[in-house]
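These notes concern the structure reproduced below.
The values are calculated or read from the model by the stated rules, or taken from the named source; none is laboratory data. In this text, all values refer to a predicted model and were calculated from it rather than measured experimentally. Neighbour counts run over all protein chains shown; Cβ positions are idealised from the backbone, glycine included. We work out accessible area using only protein heavy atoms, side chains counted, and drop any ligands, DNA or RNA first. Shrake-Rupley method; radii C 1.70, N 1.55, O 1.52, S 1.80 Å.
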Amino acid sequence: PMITQGAAAWIKDKSDSNNFLALFNDAPSGSYIEILYPMRNRRVYAKVVGKIPVTLYESNIKIVVSPLTAKLLGARDDEFFVKIYH
């Protein structure tokens, strides 16, 4: 598998709070990726539902995850470091 690492952000909107979803540029929509949050040693599988909108996020953001995905990873900050296996 390919590995991408860098900053993750999470969507504050709660409309998709019951799903494991991600916006990610390096995998096709509909595919599943594994996200590792090394700081807490937690992993979550999420479905890629689209690309990251360049107008909404800084260029350093590698992935944007749903609120439930961020919660299960244990993320507390707006941005956090992850490794993405795709």
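Miscellaneous remarks
- Boolean, ALA70 is of a type in the set (Gly, Ala, Ser) and within 9 Å of the chain's Cα centre (by Cα): yes
- Taking the criterion of being of a type in the set (A, V, I, L, M, F, W, C), surrounded by fewer than 22 Cβ atoms within 10 Å (Cβ to Cβ) and more than 18 Å from ILE3 (Cα to Cα), the residues of region 60-74 that qualify are LEU68, LEU72.
- GLY6 vs. criteria at positive phi, in contact with a strand residue (DSSP E or B) (Cβ under 6 Å, 6 or more places away or on another chain) and open to solvent by less than 80 Å² (accessible area, probe 1.4 Å): yes
- Scanning region 27-86 for residues being among the small types (Gly, Ala, Ser) and in a strand (DSSP E or B) gives a total of 2.
Matching residues to (1) crowded, with 19+ Cβ neighbours inside 10 Å; (2) in contact with a Gly (Cβ under 8 Å, 6 or more places away or on another chain); (3) at pLDDT 95 or above:
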| position | (1), (2), (3) |
| --- | --- |
| ALA22 | yes, no, yes |
| ASP26 | no, no, yes |
| GLY30 | no, no, yes |
| ALA46 | yes, no, yes |
| LYS51 | no, no, yes |
| GLU58 | no, no, no |
| ARG76 | no, no, no |
| LYS83 | no, no, yes |
